[in-house]
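Here's the structure, in structure tokens; my notes come after.
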Amino acid sequence: MLTENDRKIITDSIREIPDFPKPGIVFKDISTVLNNAQAFGLLMDHLKERYSNQRLDFVAGIDARGFIFGAALARDLGVGFVPIRKKGKLPYTTVSEKYSLEYGFDEVEIHIDAFRGVKDARVLLIDDLIATGGTAFAAANLIEKSGGKCVESCFIMSLDFLGGSEKLEKIAPVYSVLGEA
């Protein structure tokens with residue numbers, strides 16, 4: 001369990017960049033968590049503790065920051081890691097899911113054999129941040145379409161005022177390590 005001091009160390013290590021990628025947006029840069037051994041260690045120890053008794057078969061990470069946390073956590077838990085990528089980035093046969101953006105659509109994919117034939121694979125979905133939830137909702141749907149069961153969606157932080165967590169709760173429980181950013 002994270003103490004308030006642990007939470008502060010992690011939160012304080014996240015760099016905020018105003019007006020990126022466009023005016024009015026405050027980008028939460030997690031690269032500064034990754035290069036802070038204490039903050040990254042506290043975060044990964046917390047996630048390992050939270051999920052060690054969940055009987056997970058896989059951790060699925062969303063392109064690209066979810067790969068970092070997901071692969072490290074999968075290794076810590078002794079389970080497989082599954083990348084969920086933007087369309088056209090995976091080399092083998094895929095299953096895809098489109099989702100709405102503010103102006104148009106995007107698409108994410110997963111390998112058709114991502115869960116290696118494990119029936120009803122128990123999968124944790126992970127990414128750094130949830131905002132409107134479009135990508136995460138599509139990723140959770142992909143897990144289900146591919147024969148897995150998304151047992152929880154985990155984010156380092158959430159922007160609850162944008163409604164993504166509430167939307168995603170229709171598919172799987174949502175956990176945010178730091179709560180609303």
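What follows draws every value from the coordinates through simple rules; no lab data is involved. Quantities reported herein were computed from a predicted structural model and do not represent experimental measurements. Virtual Cβ from ideal backbone geometry, glycine too; neighbours counted across all protein chains shown.
What to note about this one:
- Residues of region 165-181 that are in a helix (DSSP H, G or I) and surrounded by fewer than 20 Cβ atoms within 10 Å (Cβ to Cβ): GLU166, LYS167.
- Region 13-36, subset small (Gly, Ala, Ser) and within 20 Å of the chain's Cα centre (by Cα), residue surrounded by the fewest Cβ atoms within 10 Å (Cβ to Cβ): SER31
- Subset of region 90-142 that is among the hydrophobic types (A, V, I, L, M, F, W, C) and free of Cβ contacts under 8 Å to residues at least 40 places away in the same chain - its residue that is surrounded by the most Cβ atoms within 10 Å (Cβ to Cβ): ALA140
- Taking each residue of region 1-20 that is among the polar types (S, T, N, Q) and looking for partners that are surrounded by 12 or more Cβ atoms within 10 Å (Cβ to Cβ) with beta-carbon atoms closer than 6 Å, six or more apart or interchain, yields THR11/LEU178; SER13/THR32; SER13/VAL33; SER13/ASN36; SER13/ALA39.
- Strands (runs of 3 or more DSSP E) fully within region 104-163 counting 1 or more residues that are closer than 15 Å to TYR175 by Cα and not charged (D, E, K, R): 121-130, 148-158
- Those residues of region 151-164 which are surrounded by 19 or more Cβ atoms within 10 Å (Cβ to Cβ) and either without any contact (Cβ under 8 Å) to a residue 60 or more places away in the chain or of a type in the set (S, T, N, Q) (or both), in sequence order: SER153, PHE155, SER158, LEU159, GLY164
- In region 90-98, the condition of being touching a Leu at 6+ places or on another chain (Cβ under 9 Å) and of a type in the set (Lys, Arg) is met by no residue.
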